[in-house]
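Read-outs throughout are calculated quantities, based only on the coordinates presented, and are distinct from any laboratory measurement. Model, not experiment: these values are computed from the prediction. Backbone-built Cβ (ideal geometry, glycine too); neighbour counts: all protein chains shown.
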């Protein structure tokens, strides 16, 4: 056997039948950062039929140590990640119909974006978008392969692959106001590749019709700690996202951060929903090492970060000065708050 | 006597002032994180974090993070 996929077909659990299923699969990769790059490359090399990769961002030098699809030239050219990813993925395997889309995934467009795909790989960098994707994937009946990593620590969980298994909303209950991100505590590339490999292995198993036993798994490559949990007991019969009468709360705008461009002020305002307001003191503590000019009083926290002045008010609003671009403001907030 | 537990696959010596799961989470700096705890292969509900830790307990903790 000398074909492109011969060594993959020789792997007995895949075989020629599994390879044909991979060939027919239409996969959506949500985010073209670290996990998205790594997972998309594996899926394209595996020979999936179609792969769509979506990202809102432009390449930066700080991406290159872990976002494996990109080169220094891509950064110099200021390419959007989705465009650079599309070009690199097409060069890796011309069998695959690759499409890169530059877009911010929101409650308004997520269903249209996912429609027509059979599997979704999580490459996003924040829990809010994961919960949005969880709702959209459940509504459309598409399996969603969650993955997240920071530092040397990563976790994975496949959603919608087995009857009676919990969804991400069951596991999280509420969206945390703040979580660790690569912009606050850093990240090393080995955990990216490990996390993406686990997500992609589950996705390939699902494509080829293997028996799925969804488990919540984590590993820390630096400390050697690992965990794997059977979480089926956490399935909530009243879950707003996966019960028999779901309301898909994250698809409606009142559960997500609202944004507005403040006219004539070169400022974007972000407003958190009431049930998950960001608290001033923990926020100030978490960003202390990475921002400058940090000031706080009982009413607000202000600081400078990446040439933007940020002001968080105690009523749950943040002003991002120095931009009229909502995507820029959202990116800063996702980097700091997760 | 110090309690020895299995924590995320590694042997871990519990300091005497840590008696419950909640105290362990705080000791590990995970007190304010969104996390799931499993004790001896059973998921522990959040209102049971006052459960005492016993010698040789097998405890797994997975916390959620934002990055990717």
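Give me the Debye-computed log₁₀ of I(q)/I(0) at q = 0.11, 0.12, 0.13, 0.15 Å⁻¹ for the protein assembly as shown, equal point scatterers on Cα only, no solvent, two decimals.
-0.84, -1.00, -1.16, -1.49
Could you tell me what percent of the DSSP beta bridges with both partners in segment A:126-232 are antiparallel, to the nearest 5?
Roughly 95 percent of the DSSP beta bridges within segment A:126-232 come out antiparallel.
Shielding of B:43-54 by partners, i.e. mean partner chain Cβ atoms within 10 Å per residue?
What the average comes to for B:43-54 is 1.
Suppose R0 equals 41 Å. What FRET efficiency, 1/(1 + (r/R0)^6) with r the Cβ-Cβ distance, do residue A:277 and residue A:26 give to the nearest 0.05?
Efficiency, from the Cβ-Cβ distance: 0.60.
Pick out which of A:266, A:95, A:55 has the largest mean-square fluctuation in a Gaussian network model of chain A, springs linking Cα atoms closer than 10 Å.
Taking springs between Cα atoms under 10 Å, the residue moving most is A:266.
Nearest 5 percent is fine: what portion of the DSSP beta bridges confined to segment A:1-150 is antiparallel?
The answer is about 5 percent antiparallel.
Kindly put A:76, A:257 in sequence by how many other C-beta atoms sit within 10 Å of each C-beta, fewest to most.
Starting with the residue having the fewest Cβ neighbours, the order is A:76, A:257.
Averaging sequence separations of C-alpha pairs under 8 Å and six or more residues apart, then dividing by the length of segment B:3-63, give the relative contact order as a whole percent.
Averaging sequence separation for qualifying contacts and normalising by length gives 46 percent for segment B:3-63.
Please list the three semi-axes, largest first and in whole Å, of the ellipsoid equivalent to segment A:203-338, using sqrt of 5 times the eigenvalues of its alpha carbon gyration tensor.
36, 21, 16
Can you give the calculated 222 nm mean residue ellipticity of chain A, where each DSSP H run of n ≥ 4 adds -39,500 (n - 2.57) and the sum is split over every residue, rounded to the nearest 500 deg cm²/dmol?
So the helix-based figure for chain A works out to -9500 deg cm²/dmol.
Among B:45, B:22, B:58, determine the one that fluctuates most according to a GNM of chain B built with springs between C-alpha atoms less than 10 Å apart.
B:45
What nm value, rounded to one decimal, do you get for the distance between residue A:163 and residue A:108 when each label is placed 7 Å out toward the C-beta?
Label-label distance for residue A:163 and residue A:108, simple model: 3.9 nm.
Among A:229, A:212, A:318, A:42, which comes first, then next, by fewest other beta-carbon atoms within 10 Å?
Placing the least packed residue first, the sequence is A:212, A:42, A:229, A:318.
Relative contact order (percent) for chain A, with alpha-carbon contacts under 8 angstrom and 6 or more residues of separation?
Over chain A, the number comes to 15 percent.
Hey, how many Å between the Cα centroid of segment A:12-50 and the Cα centroid of segment A:212-289?
For segment A:12-50 versus segment A:212-289, the Cα centre distance is 27 Å.
Angle check, please: helix A:326-337 long axis (alpha carbons) against the longest principal axis of chain A (alpha carbons), in degrees 0 to 90, nearest 10.
Once rounded, the angle reads 90 degrees.
Would you mind computing, in nm to one decimal, how far apart the modelled labels at residue A:309 and residue A:258 are, each placed 7 Å from Cα along Cα→Cβ?
My value for the distance between the label points is 2.5 nm.
What is the calculated FRET efficiency for residue A:60 to residue A:235, with r their C-beta to C-beta distance and R₀ = 51 Å, to the nearest 0.05?
Step by step, r from the Cβ atoms, then E = 0.80.
Looking at segment A:178-241 from every direction and averaging, what is the projected area of its Cα convex hull in nm²?
Over all viewing directions, segment A:178-241 projects a mean Cα-hull area of 6.7 nm².
When A:222, A:61, A:272 are ordered from fewest to most other Cβ atoms inside 10 Å of their Cβ, what list results?
Placing the least packed residue first, the sequence is A:61, A:222, A:272.
Compute the long axis of helix A:34-46 from its Cα atoms, compare it with the longest principal axis of the Cα atoms of chain A, and write down the angle in degrees, 0 to 90, nearest 10.
Value to nearest ten degrees: 20.
Treating the angle as unsigned and between 0 and 90°, give the value, to the nearest 10°, between the Cα long axis of helix A:15-24 and the longest Cα principal axis of chain A.
Tilt relative to chain A: about 40 degrees.
Below 8 Å between Cα atoms, with a sequence gap of 6+, how large is the relative contact order for segment A:204-328 in percent?
Dividing the mean separation by the residue count of segment A:204-328 yields 17 percent.
Out of all DSSP beta bridges with both ends in chain A, state the antiparallel percent to the nearest 5.
70 percent
Give the share of C-alpha pairs in each 5 angstrom bin for segment B:3-63, from 0 to the last occupied bin, in whole percents, shortest bins first.
With 5 Å bins starting at 0, P(r) equals 4, 19, 35, 30, 11, 0.
If I take the Cα coordinates of segment A:123-219 and project them onto the principal axes, what are the three extents in Å, biggest first?
Taking max minus min along each principal axis of the Cα atoms, segment A:123-219 gives 37, 28, 17 Å.
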